[in-house]
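Contents: one structure, followed by commentary.
The values are calculated or read from the model by the stated rules, or taken from the named source; none is laboratory data. Being a predicted model, the structure only gives us computed values, none of them experimental. Using ideal geometry, Cβ is built from the backbone for each residue, glycine included, and neighbour counts are taken over all protein chains shown. Just the protein is used for accessible areas: all its heavy atoms, side chains included, with ligands, DNA and RNA removed. Shrake-Rupley method; radii C 1.70, N 1.55, O 1.52, S 1.80 Å.
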Amino acid sequence: MQPVDLRSDTITQPTRSMRQAMADAEVGDDVFGEDPTVNRLEEMAAERLGKEAALFVVSGTMANLVCQLTHCTRGDEMILGDQSHIFWYEQGGSAAMGGIHSRPVPNQPDGRLLLDDMEAAIRPENIHFPRTRLIALENTHNRCNGNPLDGEYMARVGELARRYGLNIHVDGARIFNAAVTLGVEPRALVKPADSVAFCLSKGLAAPVGSLVCGTRDFITQARRVRKVLGGGMRQAGIIAAAGIISLTEMTDRLADDHANARKLAEGLADRKGISIDPEDVKTNIVFFEVTREGMTAEELAGQLDKEGVRVLALGPTRLRAVTHYQVTSRDIDHALRVFENFLG
Ligand SMILES: *Cc1c(COP(=O)(O)O)cnc(C)c1O
C-alpha cells in the first residue's frame with residue numbers, strides 16, 4: 001500500500017487533465033505580455049476573486065512579498081497576526097527585501113485579529129513612529145486550525161482600514177477552501193481587500209504557481225516588483241495551463257477534503273493519548289496534540305511513518321495532518337487503524 005501522506009496539500013501531483021493541458025498549451029513570452037495561457041489564467045483569477053486584474057507568480061511566498069513591496073516603502077509598518085504564515089514562514093522577507101516593519105498582534109484561536117487590537121496597533125502621526133500602511137490577514141489560517149474568515153468579519157476590518165487610510169492584504173493561500181466551507185464565492189470573502197494572494201499548488205493540485213489579485217494599477221506596479229525579484233517568466237503558459245484546470249476542475253471537490261479531515265479528527269478524538277476537538281476542524285487542516293506521558297510529537301510522527309502514515313510534528317507535542325485529493329476516505333480509515341494499533 002502507498003503511504004497515506006498527510007504532511008501537506010503541497011504534495012499533490014498534477015492530474016491527468018493538467019498534464020494534457022500543459023502538453024497542449026499555447027504559449028508566448030509572458031514578460032512581453034504575450035502568453036495567451038497566462039493571460040487567460042490571470043483573467044480567470046481576477047474574475048473569481050472579484051478584482052480588476054491578476055498576476056501569475058511562482059509561489060505563495062513570492063505572491064505575499066510582491067504585495068507587501070507594492071503596498072509599502074522602507075520604514076512602513078504592517079500589522080499582521082503573530083501566528084501568520086508571513087510572520088513565521090517567509091524568512092522575514094518583508095524586512096529583508098523591503099525594509100518593512102512588522103507589527104504582530106495576537107491571532108485568536110480562529111485566526112482573526114481583534115478589531116480593538118488592530119486599532120490599538122495603528123500608529124498616530126509622530127516623528128518617533130513608523131507609519132502604519134498595511135493590515136495583512138490570512139484565510140484560511142494555516143496555524144489556526146485552517147479556520148476560514150467570513151465576509152462579515154472582513155467587512156468590519158475593511159471599515160477600520162478605510163477609517164485610518166490603510167490597505168488590506170489577504171494571504172488567501174487556501175481562500176478556495178474557505179469559500180467552499182462557507183458556501184460562497186471567494187470574491188465574497190475579499191471585497192475590502194486591496195490585494196489577495198492565493199495558491200494553485202496546494203489543494204488545487206497544480207505543480208507550480210500562485211496569483212496576486214488587485215486593481216489594474218496595483219497589478220501594473222506588482223508586475224514591476226515581480227520582475228525585479230527575478231520572477232518574470234517567459235513561456236509560462238506551460239505551467240499556467242495546469243492552473244486553469246485548478247480553477248475549473250479542482251475547487252468544488254475541496255469539500256471532499258474537508259469531509260475527510262473531519263472524519264480523521266473524529267476518529268482521532270477516540271484514540272488514547274491524543275487531544276483534539278473535531279469541532280475545530282472546518283477545512284482540510286487537522287491539528288492535534290499527543291498527550292501520552294513521555295512521548296513527543298516527533299516520536300509519534302516517526303512511528304506512524306514506519307506504518308505508512310505521514311504527518312508533520314510542528315511543536316514538542318503538536319502535530320498536523322492535511323487532507324487533499326490524493327487522500328481518499330479509505331485512506332483515512334487506514335490511517336485511523338494505524339493510530340489505533342499504535343496508541344490504543
Ligand atoms: C503555503 C502558504 C504560503 C506560501 O506558499 P508557498 O507556495 O509555499 O511559497 C503562504 N501563506 C500560507 C497561509 C500558506 O499556507
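Observations, loosely collected:
- Annotation for segment 165-244: trypsin sites (Lys or Arg not before Pro) lying in DSSP loop with at most 15 further Cβ atoms inside 10 Å of their Cβ are 234.
- Rolling a 1.4 Å probe over the protein heavy atoms of segment 253-343, with every protein chain left in place, gives an accessible area that is 44 percent carbon and sulfur.
- Among 184, 228, 105, residue whose mean-square fluctuation peaks in a GNM of the chain (springs only between Cα atoms under 10 Å): 228
- Taking 217, 171, 150 as the candidate residues, the one with maximal mean-square fluctuation in a Gaussian network model of the chain, Cα springs under 10 Å, is 217.
- Rounded, prolate or oblate (a/c below 1.5 giving rounded, otherwise prolate when a/b exceeds b/c) for the chain by Cα gyration tensor: oblate
- Kirkwood analysis of the Cα pair distances in segment 253-343 returns a hydrodynamic radius of 12.9 Å.
- Low-density loop positions, GluC sites (Glu not before Pro), segment 84-182 - DSSP coil, at most 11 other Cβ in 10 Å: 125
- Hits among aspartates and glutamates - C-alpha to C-alpha of residue 51 under 14 Å, sequence gap 8 or more where chains match: 42, 43, 185, 194, 217
- For segment 1-95, trypsin sites (Lys or Arg not before Pro) are listed when DSSP marks them as loop and at most 12 other Cβ atoms sit within 10 Å of their Cβ; the list is 74.
- More than 23 Å apart - percent of Cα-Cα pairs taken over segment 13-94: 41
- Overall form of segment 166-318 per C-alpha gyration tensor (a/c, 1.5; a/b vs b/c): prolate
- Beta bridges per DSSP with both ends in the chain, % antiparallel, nearest 5: 50
- Accessible surface, per residue, of segment 253-343 when the full set of protein chains is kept, probe 1.4 Å, Å²: 46
- Of the beta bridges in segment 65-208, as assigned by DSSP with both residues counted there, near 10 percent are antiparallel.
- The alpha-carbon of residue 272 sits under 20 angstrom from the alpha-carbons of these lysines, leaving out residues fewer than 8 places away in its chain: 263, 306.
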